[in-house]
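The values are calculated or read from the model by the stated rules, or taken from the named source; none is laboratory data. Not measured: the values here are computed from a predicted model. In this analysis, Cβ positions are derived from the backbone assuming ideal geometry, glycine residues included, and neighbour counts consider all displayed protein chains. Only protein heavy atoms, including side chains, enter the accessible area calculation; ligands, DNA and RNA are left aside. Shrake-Rupley method; radii C 1.70, N 1.55, O 1.52, S 1.80 Å.
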Amino acid sequence: RRHARAHRARPSMVKKPYPFHKPFSPIRRLLRRTLSGRHHRRSSTAKGAAVPPTEKLQGQTVIVDVEAWLLMSRLSTFPYFMLVAVEAGGFLRGLLLLLTYPLMCLFGHDMRLKAMVMVSFFGLREKEVLRVSKAVLPKLFLEDVASQGLEAVKKARTVVAVSTVFPRVMVEGFLKEYLGVDTVVGREVMVVAGRYIGVIADDAVAAEEMMNKGKHDEGVGLVGVGGKMHHLFSRNCKETYAVSEADKAAWQALPRDKYPKPLVFHDGRLAFAPTFSAAIAMYTYIPFGIFLAIVRSMAYSLLPYRVSVPIGALTGMRSRIIAGPPADAMDENKAGGRLYVCNHRTLLDPITVAAGLRKPVTAVTYSVSPVSELMAPIRTARLTRDRDEDRRRMAGLLARGNLVVCPEGTTCREPYLLRFSPLFAELAAEVTPVALETRVDMFYGTSTKPASKVLDPLYFMMNPRPEYRVEFLEPVDTTTMADGEEDGHGRDKSHSIHVANRVQRVLGEALAFELTEQTRRDKYMMLAGNEGIVKVKANK
C-alpha cells in the first residue's frame, strides 16, 4: 500500500513517453509471455536443448526458417550472389557486383540485399538462372548445411522451407533436390518477357503465402530468435521452437558422407567460395592467368613432352606419375598398340596419359568441338554413337597404335565413377587401366554449356597450381571372367559388361572413388536439361 500511495503521489512518473505506449505495451507483454511459454518452457540448461526431439516432429508439418535452422550461415550472402552474377551473367557482371558491393555495405541489410539482387539478376533469362540454381549453387549451400538443423526436420511428414534472405529461385533447387523439402517460399524476383528485372516483390505477400502453404494451424515452426519471422511463426504455428546464435555456435556442418543425396554432378567455373576478398584476388589474377594458360598450352602443343612437362612444372603445373606403365606397354605388340582405359576428369586426360608414356596416343571423343580437335597435340577421332560403327573405328585405330578411351563418356568432378560403357572390352585381350585425379584451386576445366566447352582446357591451364595425378595400373585380362574362369565365347555383350564393371572397380579402388550407375545422359539431364548429344552435320 505504501508503494501504491507513493506511486499515485508521483503522477509525472507514469506519463507516457510517446503516443503509442499504452496500446503497444500489452501486446509486447503478451508476445513476451507467449514466447516464454512456447520456447523457454521447453528449454533447459543443457546445450542444444533448443532443438526439439526428433520424435516430436515425426509425422508433423514443419515450417522451417532456412537461414536460422538449415544453414550454418558462416558465409555472408555475397558469395551466393557472386555465383549467380558470374555463372549466369558472365565475369563482367561479377566485376560490376564486386565494384559496387562496398557502396552497398553502406545500406541497411534489406536495402543491400535488394541492391545485390538488382545487379545480379537484371536482364538475365529466367532459364539461365534456373540452371545456375540447380547446377551451381547446391554445392556451396550443401557445404553450409547445419547437421543438427537438418536432423530436426528429417522425419517430418511435410516440410515447408521459408527463406527470408535469398530469392526463392536461388534456394529452391538445392532444398528440393538435395534436402527433400516439399515446398519452398521466399522472395520473388519479378520477371518480364522471360527476363528478370531485378526487383523484389512485396515481402508481405511471401509471408502470407508461407502461412497458406504451411497450414499454419497444424504446423510446427522452427525459427531463429529475434529473426524476421519469429513473431509470425509464434502467432500462427501451434508450436514454435526458436534457436539462438549461442545455440548454433555448438552446431556442426553436415559431413559430405551424410548428405541426404550425394553430390555427384555440379557445374560452373568457379572452384572456390567467391567471398569478397577471394573475388578481388580472382579478378586481380585473371590477366596473369590468361597469359599463363597461353604459355602452358603452347608448350604442350609445340614442344616434345620431355621439354613441355618441365616447363609446365616451372609455371606451377604439377604432374605426378604414381607408377610407371608395365614393361610390355613400352613396346607395341604384334596386333598393334595397347588400349588404355581411364576415368574422365578433363579434356586433357589423353594428353596427360601421352605425357606419362612419353609416346603418341590416339584419343576417341564424342562431342569435342572442332577447335579443340584442331588444337590438340595428339591425334583424335570422333565416334558416332552407333555401336557397330564405333567398334569398327576403334579397332582400326588400335591396330595402328596406342589408343586411350574414357568409358564414362563424360567428365565427373567429384570422387565418383560413372557407369562404364562396355565397348572397349571387345577390342583387345588385355587393357591397361589408368587412374586419373585432378586438383584445381580457382577454375574448373569442365562445363556442360556447349558454347563454352572450347574454353575448358584454357580454364584448367589458368589455375595457379593445377595438378594431375596419373597412375598406370596392372593390365586386366578381358578374356577371363571375374572369378577367373575362362569364358569360351569371350566377346559376347554380357561378358563385356562384366569386364567393364571389373575395370571400373579396379579404378575405383585405386582412386578411393565411389562407384555409381549414373551415365552421361543422367548428368546432362540434371545439369543442362538435355541428353548432352551434340549433332554434327555430316559432310556431303
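A count restricted to the range 492-515 and to residues that are open to solvent by less than 20 Å² (accessible area, probe 1.4 Å) and not hydrophobic (A, V, I, L, M, F, W, C) stands at 4. Has the range 447-459 got any residue that is open to solvent by 20 Å² or more (accessible area, probe 1.4 Å) and touching a strand residue (DSSP E or B) at 6+ places or on another chain (Cβ under 8 Å)? Yes, the range 447-459 contains a residue that is open to solvent by 20 Å² or more (accessible area, probe 1.4 Å) and touching a strand residue (DSSP E or B) at 6+ places or on another chain (Cβ under 8 Å).
Might you let me know whether the range 223-234 holds any residue that is surrounded by 18 or more Cβ atoms within 10 Å (Cβ to Cβ), modelled with pLDDT under 85 and of a type in the set (S, T, N, Q)? Yes, the range 223-234 has at least one match. Just so you know, in the range 352-376 the residues that are open to solvent by 20 Å² or more (accessible area, probe 1.4 Å) and of a type in the set (A, V, I, L, M, F, W, C) include one that is modelled with the highest pLDDT, and it is VAL364. Taken over the range 267-299, the residue count meeting the criterion of being in a helix (DSSP H, G or I) and within 30 Å of SER73 (Cα to Cα) is 11. For the range 148-175, the set of residues classified as out of contact with any Leu (no Cβ under 8 Å at 6 or more places or on another chain), among the basic types (Lys, Arg) and within 22 Å of GLU218 (Cα to Cα) consists of LYS154, ARG157, listed by residue number. Only one entry of VAL165, VAL117 meets the criterion of being among the β-branched types (Val, Ile, Thr), open to solvent by 10 Å² or more (accessible area, probe 1.4 Å) and under 24 Å from the mean Cα position of the chain (by Cα), and that entry is VAL165. If only residues of the range 384-438 that are among the β-branched types (Val, Ile, Thr) and in a loop (DSSP other than H, G, I, E, B) are counted, the one that is most open to solvent (accessible area, probe 1.4 Å) is THR384. Taken as a whole, the range 168-187 holds at least one residue that is assigned to a strand (DSSP E or B) and polar (S, T, N, Q).
Selection of first residues in the range 131-158 that are in the same structural domain as VAL171 (by the TED database) and surrounded by 19 or more Cβ atoms within 10 Å (Cβ to Cβ) and of second residues that are among the hydroxyl-bearing types (Ser, Thr, Tyr) and part of a strand (DSSP E or B), restricted to Cβ pairs under 6 Å at least 6 apart or on distinct chains, gives an empty result. Which number in (1) more than 27 Å from MET525 (Cα to Cα); (2) surrounded by fewer than 22 Cβ atoms within 10 Å (Cβ to Cβ) marks the one condition that ASP182 misses? For ASP182, the exception is condition (1).
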